[in-house]
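Let me begin by presenting the structure, written as structure tokens, before commenting on it.
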Amino acid sequence: MWASVRSGSVARAERVHKLMAARVRTLSAAGQEAVLVASALSRPTFATVADALGANRDPLTALVEVEEAGVLVSEGERIRFSHPLLASAVYGSASTQRRRQLHRRLADVATDPEERARHLAQSATGLTRQSPPSRGGSGARGATGCAGRCGGAL
């Protein structure tokens, strides 16, 4: 019984998600880009969205469009989604590669060091297996060995 209730809830959530994404697809390319940028930010502001859109887009026109469409709401310099599911639908509809490119661009315009670090981490394509250069040769091996024995906690 519980499985059918959960599957019904999941199906409803997926339909709502698709409806939200369809609403955003009616926007112009610049409007969709502005909404995608805002969806990837923890605290979206007009200035950050405008910086991330760059010189190729008119941020004022794009933000006016998305606000008139009822997707984003401006509150002074801050921007928020009119409904939290809109942000989730927009971000979730972008491909992994597109999100990585976006986070790289956001890392370039971020002024807060923690925000920049978060975007850099999310723009990464995966872990590298390179070890930092060591001075005695055993330091890196020792840390790796300890990580295995210590359950990964250093």
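The values are calculated or read from the model by the stated rules, or taken from the named source; none is laboratory data. Here the structure is a predicted model, which means the values were calculated and not measured. A quick note on method: Cβ atoms are made from the backbone with ideal geometry, for glycine too, and the neighbour counts reach across all protein chains shown.
Being assigned to a strand (DSSP E or B) and within 17 Å of the chain's Cα centre (by Cα), is that true of even one residue in segment 50-59? No, segment 50-59 has no match at all.
Is segment 22-36 home to any residue that is among the β-branched types (V, I, T) and more than 15 Å from A69 (Cβ to Cβ)? No, segment 22-36 has no match at all.
When segment 55-75 is filtered for residues that are touching a residue at least 12 places away in the same chain (Cβ under 8 Å) and either of a type in the set (G, A, S) or surrounded by fewer than 19 Cβ atoms within 10 Å (Cβ to Cβ) (or both), the ones remaining, listed by number, are D58, T61, A62, A69, G70, S74. Per the listing L86, L41, L63, the residue uniquely assigned to a loop (DSSP other than H, G, I, E, B) and among the aliphatic types (A, V, I, L, M) is L41. Scanning segment 25-43 for residues that are farther than 13 Å from L106 by Cα and surrounded by fewer than 20 Cβ atoms within 10 Å (Cβ to Cβ) gives R25, T26, L27, S28, A29, A30. Taking the conditions exactly as written (free of Cβ contacts under 8 Å to residues at least 60 places away in the same chain, buried (at least 17 other Cβ atoms within 10 Å of the Cβ) and under 10 Å from the mean Cα position of the chain (by Cα)), does A87 satisfy them or not? It is true that A87 is free of Cβ contacts under 8 Å to residues at least 60 places away in the same chain, buried (at least 17 other Cβ atoms within 10 Å of the Cβ) and under 10 Å from the mean Cα position of the chain (by Cα). Scan segment 75-83 and tell me whether some residue there is closer than 15 Å to V35 by Cβ and within 11 Å of the chain's Cα centre (by Cα). The answer is no; no qualifying residue exists. Of the residues making up segment 123-142, one or more are modelled with pLDDT of 85 or more, surrounded by 15 or more Cβ atoms within 10 Å (Cβ to Cβ) and within 14 Å of the chain's Cα centre (by Cα). Of everything in segment 93-117 that's surrounded by 15 or more Cβ atoms within 10 Å (Cβ to Cβ) and free of Cβ contacts under 8 Å to residues at least 24 places away in the same chain, which residue is farthest from R23 (Cα to Cα)? Checked segment 93-117; the qualifying residue farthest from R23 (Cα to Cα) is R116.
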